[in-house]
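Just so it is clear, none of the values below were taken in a lab; they were calculated from the coordinates. These numbers were taken from a predicted model, which means no experiment stands behind them. Cβ placement follows ideal geometry from the backbone for every residue including glycine, while neighbour counts extend to all protein chains displayed.
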Amino acid sequence: MLNTYIENTLGIKLTNQQVRQFDAYYHLLVDYNKHTNLTRITSRMDADIKHFLDSVLLSKLIDMNRDLKLCDMGAGAGFPSIPLLIVFPKLKVTIVESQIKRIQFLEALKKTLDLDFEIVHDRAEAYAEKNLEKFDVVTARALGELRLILEFGVPMLKVGGYFIAPKGSKYEEEILLASNAIKILNVKLITKVLLELPESFGFRANLLFTKIKHTKDYPRPFALIKKKPL
């Protein structure tokens, strides 16, 4: 079923190996979820659409069939970066996750799927301070509102790199609230892909920003970011 959804929406036909990897991903996710709270989504159709397809649809924004260095902040159970890596194996993925139980799942997933990606146990803003202008692409699927994740992630981007923000129906409100952050961090919103997931599974607004130039002194310490968002 996932193969059909991906082929219909992206024109990509999964290989047998990729189908097996998504199957193994799903079964490990459900098994781990019995003792570790990773997701409320446990049926196969829900996982196929809300996790796997939803993640891979970010490839509508840029060509991911390239050697791009991608940082996924707060990926949790690996979304969106691991489904993207399965379909686009040239990606160089780094996942930054602060919760140890999710790190343990990602380590098990890496072994199960036989994929090469980096797992970092750290807070996003702390990791960003040590890895400025390192990545071609930075994304965060469910880490927080736009103005916060922009401050976490944009400093890690190379100039000309892309920040991808998957959002829901309140995306316009988040863009408005983030207008100061967008200005200070020297990024520009260049694309919005608005879509409805199959089987009436909801609306998505996938936002693409590009970094125009670097801004020093960001990200700030987390306490200050929370107290006084940009």
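Coupling constants for region 129-135 follow from the phi torsions by the Karplus curve (6.51 cos²θ - 1.76 cosθ + 1.60, θ = phi - 60°), and in residue order they are 4, 9, 9, 6, 6, 9, 10 Hz; glycine and proline get x. Along region 2-15 the Karplus relation, 6.51 cos²θ - 1.76 cosθ + 1.60 evaluated at θ = phi - 60°, assigns HN-Hα couplings of 4, 4, 5, 4, 5, 5, 5, 8, 10, x, 10, 9, 5, 6 Hz to successive residues, with x for each Gly and Pro. Residues in region 34-51 carry Karplus couplings, in order, of 5, 10, 10, 6, 9, 7, 8, 8, 10, 6, 5, 5, 4, 5, 4, 8, 7, 10 Hz; the curve used is 6.51 cos²θ - 1.76 cosθ + 1.60 with θ = phi - 60°, and Gly or Pro positions show x.
For the residue pairs Lys167/Lys211; Lys110/Lys188; Lys34/Lys101, alpha carbon separations beyond 22 Å are given by Lys110/Lys188. Seen against the Cα atoms of the chain and their longest principal axis, helix 16-33 is set at about 80 degrees.
Semi-axes of the equivalent ellipsoid of region 25-171 are 23, 16, 16 Å, computed as sqrt(5λ) over the eigenvalues of the C-alpha gyration tensor in descending order.
Between Thr9 and Lys183, what is the FRET efficiency for a Förster distance of 35 Å, r being their Cβ-Cβ separation, to the nearest 0.05? Present the calculation step by step, with values, prior to reporting the outcome.
Working: r = 34 Å, r/R0 = 0.96.
With R0 = 35 Å, the Cβ-Cβ based efficiency is 0.55.
Of all DSSP beta bridges confined to the chain, the antiparallel ones make up roughly 50%. Were the residues from Glu145 through Ala223 laid out at 0.36 nm apart, the gain over their Cα-Cα distance would be 26.5 nm.
For the chain, take the longest principal axis of its alpha carbons; what is the angle in degrees between that and the long axis of helix 100-113, to the nearest 10 within 0 to 90? Approximately 50 degrees, to the nearest ten.
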